[in-house]
Amino acid sequence: MTFAKNVALVGVDGCKAGWIAVCRDPGSTSRNPGSTPRNPGSILRNPDAAPSVAVFPSFAALLDALPADAMVAIDMPIGLPDLSQRGGRGPEALVRPLLGNRQSSVFRIPSRAALYAHTDGFTTIEAWYAAHRRASEVAKATSDPPRGVSIQAFGIFAKIREIDAVLIARPELRSRVFESHPEVAFCRLNNDQAMHLPKKIKGAVNPAGMAERKALLCRRGYTRAFLDRSPPRGAAADDFLDAAVMMLIAGRIASGEARPFPDPPLADRFGIPVAIWA
């Protein structure tokens, strides 16, 4: 891996327990390079830049554990539209043609109003579905053409709001926290060739698709031993791989190799940049 020197690089993906982060911090010390921290509330540091992995309960907790200059690439939409239009915010329409059969993994982002239509916790499955229906109603009223929200997309609304709230409150982070997308990242790292095999089939991990991605990550500097480890509790194997490829994109951003889609990035009404980097 070739990166800007002395900059901590972090790849992040959402997971069941919160957020999984793969980190490479060249400016610190470690008891065991490449290991998982005993304390999930801290990022492991090591002098020879071996990566580490940890799970955090919130995005704010993750940021608090990082060095002040860390470069972060995250698999989550950043910057929300007031009106959701056909094709998405702009980045989605630009990256889908790169992905061939994988382009369905890039979904249209609903409006900010839809994402904030219901922000309470859920105590019953009935409340969950009622909140989904409400979000879909708001999404249809704030999209052109009108379009509701899939239950899968609704499932990550809380995580999108976490990042949104942090970047509104702390605008200085907008130069360190960047949106990416795993399939776009794998494509860019594979000489602009999309992955042949799906990572999941009908919601279940596809071992052949995972092996294809692990092979690419190994060609880009990871060890197979690191990628074959069990992910931390609360994260799935595909979350782990997505965070790992996000870390490579953080490195590309830090070294000036990455490209934003679109270039230059757009901005939402809070001034948050809107682009998928890879």
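Throughout, read-outs are computed from the coordinates displayed, never taken from laboratory work. Small disclaimer: the values here were computed from a predicted structure and weren't measured. Every residue, glycine as well, gets a Cβ built from its backbone with ideal geometry; the counts of neighbours run over all protein chains shown.
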Considering only DSSP states other than H, G, I, E and B, which GluC sites (Glu not before Pro) in the range 176-278 qualify as loop sites with at most 15 other Cβ atoms within 10 Å? 257
Amide H to amide H under 5 Å from residue 15: which residues, 5+ apart in sequence or cross-chain, H placed 1.01 Å off N in plane? 20
Ignoring everything except DSSP H segments at least 4 long, calculate the 222 nm mean residue ellipticity for the chain; use -39,500 (n - 2.57) per segment, divide by total residues, nearest 500. -9500 deg cm²/dmol
Relative contact order [Cα under 8 Å, 6+ residues apart], the chain, whole percent: 27
Limiting things to C-alpha atoms, what are the Rg and the maximum Cα-Cα separation (Dmax) for the range 170-278, in angstroms? 15.1, 44
For the range 90-175, what relative contact order do you get, as a whole percent, if you take Cα pairs closer than 8 Å and at least 6 residues apart? 21
Under a 5 Å amide H to amide H cut-off, with H placed in plane at 1.01 Å, what residues pair with residue 259 once short-range neighbours are removed? 278
How big is the Kirkwood radius of the chain, worked out from every pair of different alpha carbons and given in Å to one decimal? 19.0
Based on the Kirkwood radius over alpha-carbon pairs, what value in µm²/s does the Stokes-Einstein equation return for the translational diffusion coefficient of the range 225-278 at 25 °C and 0.890 mPa s? 187
Straight-line reach from residue 199: which aspartates and glutamates have a Cα under 17 Å away, not including same-chain ones fewer than 8 places off? 13, 75, 183, 212, 228, 238, 239, 242
